[in-house]
Amino acid sequence: MAVVGGSYAGMAAALQLLRARRTVLIVDAGKRRNRAATQAHGFLGQDGTDPGEIARVARAQLERYATLTWVEGRVVSAGGTKDDFTIASEDGHEYRARRLLLATGVSDELPQVQGLAERWGTSVFHCPYCHGYELDSGAIGVIASGPNSVHQARLLPEWGQVTLLTNGLLDLDPNVRQELLERGVAIEPTPIAGIEGHADVVLTDGRTLVFSGLFTAPRNAPSSPVAEQVGCELMETPMGTQVSTNEARQTSVAGVYACGDVARVPHSISLAVGDGAWAGAQLHQSLVFPAAQA
């Protein structure tokens, strides 16, 4: 079995297979989506822990199993059919596997605001359940990126005083505007010139709005072309593009499974770990009972 992507979902899936005494290959490019964050939150038993440390400990635990092979590198191509897949890494090595599990994660398409990308994961976030509490009920800015920004602005008053910065991207329906105002959300229509300091938003009229933290809703897409290379069906969600799977985390291609951020919304470490564990178990059962998951 080959797992493409060795972050939280991929490792959780691999653990189920290793404990079933199966031979597992993990190929990982080492680009965790949350690598800029210094603390993980909302993950039971690990709240406040450095997410890099969570990943390091998890890998060390997996490496205790003799049937694991871990390859550091990026998968650049994949193909084949059930029971006979081939993947190739960027260093030219090829690997064969009976099953593929895609846990590649996603890339984030961020709003084109000067200074935003540099603060992504440190003072600009997407998930209030992961980062809202630490803002200590302070001022929160929501930088519009599309319709999902309205949902963020509706939800975030639970964590502080919210200002929705429409930045020329949202034309609010009068009913939506009234609902936001009733939630205590301030609406700022002036375009953004850039972000400075910790989370200070400089507007084009010269004003600077100081926030404890900022939120935005990026569009997501698989961070690797492997799913498309093997022919997996993709689907559109309000958050972007993901790999389409059924309840057993099978993709549209027999023998190929997907889990974690690349195959589900919303996204968090907790959800990725749970999804990966389920996918790993289901993949294992496809080997034991092939007719049931044909």
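The values are calculated or read from the model by the stated rules, or taken from the named source; none is laboratory data. Not measured: the values here are computed from a predicted model. Note that we place each Cβ from the backbone using ideal geometry, even for glycine, and neighbour counts take in every protein chain shown.
Against the list (1) touching a residue at least 60 places away in the same chain (Cβ under 8 Å); (2) out of contact with any strand residue (DSSP E or B) (no Cβ under 6 Å at 6 or more places or on another chain); (3) not assigned by TED's automatic domain parsing to the domain that holds Ser7, the condition Gly184 fails is (1).
Of the residues making up the stretch 24-38, those that are of a type outside the set (A, V, I, L, M, F, W, C) and either outside the structural domain of Val57 (by TED's automatic domain parsing) or surrounded by 15 or more Cβ atoms within 10 Å (Cβ to Cβ) (or both) are Asp28, Arg32, Arg33, Asn34.
Considering the stretch 90-142, the residues that are within 17 Å of Ala37 (Cβ to Cβ) and among the β-branched types (Val, Ile, Thr) include one that is nearest to the chain's Cα centre (by Cα), namely Val106.
I'd like to know if the stretch 2-9 contains one or more residues that are loosely packed, with under 15 Cβ neighbours inside 10 Å, outside the structural domain of Tyr129 (by TED's automatic domain parsing) and under 15 Å from the mean Cα position of the chain (by Cα). No, the stretch 2-9 has no match at all. Looking across the stretch 149-162, just one residue is surrounded by fewer than 20 Cβ atoms within 10 Å (Cβ to Cβ) and either within 22 Å of Gln112 (Cα to Cα) or not assigned by TED's automatic domain parsing to the domain that holds His126 (or both), and that is His151. Of the strands (runs of 3 or more DSSP E) entirely within the stretch 166-279, those holding at least 1 residues that are surrounded by 15 or more Cβ atoms within 10 Å (Cβ to Cβ) and more than 21 Å from the chain's Cα centre (by Cα) occupy 186-188, 192-196, 200-203, 208-210. For the stretch 86-124, taking the residues that are of a type in the set (A, V, I, L, M, F, W, C) and without any contact (Cβ under 8 Å) to a residue 24 or more places away in the chain, the one that is farthest from Glu134 (Cα to Cα) is identified as Ala88.
Selection over the stretch 30-59 of residues that are under 15 Å from the mean Cα position of the chain (by Cα) and among the hydrophobic types (A, V, I, L, M, F, W, C) gives a count of 5. Restricting the search to strands (runs of 3 or more DSSP E) fully inside the stretch 67-158 and requiring at least 3 residues that are under 21 Å from Leu203 (Cβ atoms) gives 139-143. I'd like the residue in the stretch 273-294 that is of a type in the set (Gly, Ala, Ser) and in contact with a Lys or Arg (Cβ under 8 Å, 6 or more places away or on another chain) and, out of all such residues, is farthest from Thr49 (Cα to Cα). My answer is Ser286.
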